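**Q** Take a look at this one; I'll ask things after.
The values are calculated or read from the model by the stated rules, or taken from the named source; none is laboratory data. Given the structure is predicted, the values throughout are model-derived calculations rather than measurements. As a convention, Cβ positions derive from the backbone with ideal geometry for all residues, glycine included, and neighbour counts pool all protein chains shown. Heads up: the accessible areas ignore ligands, DNA and RNA and are worked out on the full protein's heavy atoms, side chains in. Shrake-Rupley method; radii C 1.70, N 1.55, O 1.52, S 1.80 Å.
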Amino acid sequence: MPLAFRFSRILNPRFNPSTNLGLALASSFSASSRPEPPELPGARGGGGGFPATIREGRAEIFADDSNSVFYNKAQVNNRDLSIAVLRSFISRRREEHDIQLRRGSHAELPPKHHAEELGHIRGSSEDKALSEEISYRAPKVLEALAASGLRAIRYALEVDGIGEVIAVDNNEVAIEACKKNIHHNGSVSSSKVVPHLADARVYMLTHPKEFDVVDLDPYGSPAAFLDSAVQCVADGGILMCSATDMAVLAGGNAEVCFSKYGSYPLKGKHCHEMALRILLACIESHAIRHKRYIVPIISVHMDFYIRDKRNIALPNFSPLVPQECAECGHNFVMGGPIWSDPMHDKEWAASILSSIQAMSCAYSAYAKISAIMTSVSEELPKAPLFVSLHNLCAILKCTNPTIATFQSAIRNAGYQISGSHVDPLALKTDAPMSVIWDIMRCWVKIHAVKYRPGNHPGTKILSQEPKLQAKFSHVPGGLAVQKSPRFVPNPEKYWGPKTKAGRQPKRLSVDNL
């Protein structure tokens, strides 16, 4: 099942973002040029002897019917979201750069005198070193697994203020295709995108802290690339990481998940959020080994993949846990470790959402990514995982309260509640499970259920009297208010990753059908 990976910012523990001088000058929100109308990605027939092409955003690449170079049509959502994050990142870098200029020399001067004073500083020989230090440097980007180079080309064409984009792949056929696509997209693409034939792991290890942005989007698991990726990102830079091995991360094969990510997953409605947190914990573990830490910006599960708070390393103390659950009397199931801090930065989420909405015509997957970011911006930041109201009622074998009724009971008890971008039926809350079960016990008193003998979990839960007397009176607002869609359907049938490059799909004969 698909996940969308989060974007995490990697910083040096001793690094102060406000003193970073390597910043972008041009704003990504510049309206100097109107973006071309987006097209849904798809192949154009090559009539008149011309090869077929695929158009996505402002980029156009040659179609490869032989599947020797991988192109994932469904990842348009991922690429659009990456572009939105990059635009926000570059805009923030420019703001930091401007603030540093004011702090570094004559912060007390009015803004109208700032340009003159800056020119004086740069013209003075004694301040030449300072001038070089505070001069603008466009962010340098690495696409570690380039394939056709579509992502790198889109970055160069669609993100204002971006610097050099290095497109790395260890497949000679892919690099040749990447060169053709770069040339096909004109002078801007040719001047910014540099293809490079190399093993991504070796390349990242030999270029430590060189790139402001590293994009890691492998076919499957990114685990083999994480250690070199966290060393390749510059201080204050951003790592964008995707994983498409959802079956492993979501609990389909716990042993494989532990071997790749060092964590045991648990099956359940929350498995996709747990997959995100497993990946974040894995990235954090690699960063700590090199005296660095991560600050998650956006972490999302989307389609068939995942797209990756300040966390200072501390000794791993864990609380004492009894063998049995105090509510249902059954044994606990152990899973993890996972990332338990916030997965999103609320300011970044709001900024990215505003950028997406302001430039809606620039994104082919606008409906999808705007819905995702709307849900992300509403999530409770300090509520790891979530509960499912349907699951709670299935355990007790009772009728379902409405979402509005349940969330009102939670809020009347003094706790917060929100939805989740992972599941339309998910409920994230800071209320402990004892409070949640007390609310359900009070609900069952109003809507009686048949007694179930034996060691059924629901029987054990309902045998206890609630310590909290729940109030189901309606509280305005909350989850009942839906001003914009949070979940949109897939744009076409069989939406998802296709066959890996170099493999041909199996075709069954008519006799075997």
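**Q** For segment 264-305, which trypsin sites (Lys or Arg not before Pro) pass both filters: DSSP loop (anything but H, G, I, E, B) and at most 11 other C-beta atoms within 10 Å? List each step's numbers first, then the result.
**A** On the way: sites: 267, 269, 277, 289, 291, 292; in loops: 267, 269, 291, 292.
In loop regions of segment 264-305 (DSSP not H, G, I, E or B), the sparsely surrounded trypsin sites (Lys or Arg not before Pro) are 291.
**Q** With the full set of protein chains in place, find how many percent of the accessible area of segment 400-460 is carbon and sulfur; take the probe as 1.4 Å. Present the calculation step by step, with values, prior to reporting the outcome.
**A** Numbers: 1530 of 2820 Å².
It is 54 percent, rounded to a whole number.
**Q** Follow-up question, since we're still on this one. For the pair residue 498 and residue 324, how long in nm is the line joining their label points, each one 7 Å along Cα→Cβ?
**A** According to this spin-label approximation, the distance is 5.6 nm.
**Q** Kindly flag which residue pairs out of 267/500; 73/291; 73/180 have an alpha-carbon separation exceeding 29 Å in this structure. Write down the numbers at each step before the final one.
**A** Values: 267/500 27 Å; 73/291 38 Å; 73/180 19 Å.
Beyond 29 Å between Cα atoms: 73/291.
**Q** DSSP loop (so not H, G, I, E, B), at most 13 other Cβ within 10 Å: list which trypsin sites (Lys or Arg not before Pro) in segment 196-264 pass both filters. Each step should come with its number before you reach the end.
**A** On the way: sites: 201, 209, 260; in loops: 209.
Taking segment 196-264 and a limit of 13 other Cβ atoms within 10 Å, no loop trypsin sites (Lys or Arg not before Pro) are found.
**Q** For segment 387-463, report the % of Cα-Cα distances exceeding 16 Å.
**A** Numbers: 1407 of 2926 pairs.
Looking at segment 387-463, the distances longer than 16 Å represent 48 percent of pairs.
**Q** Could you compute the FRET efficiency for residue 136 and residue 446, with r as their C-beta to C-beta distance and R0 at 60 Å, rounded to 0.05? Can you show the working numbers first?
**A** Working: r = 65 Å, r/R0 = 1.08.
Approximately 0.40, to the nearest 0.05.
**Q** Same structure again: Pull up the cross-link candidates among the lysines for residue 445, meaning alpha carbon to alpha carbon under 22 Å and not fewer than 8 places away within one chain.
**A** The qualifying lysines are 397, 460, 467, 471.
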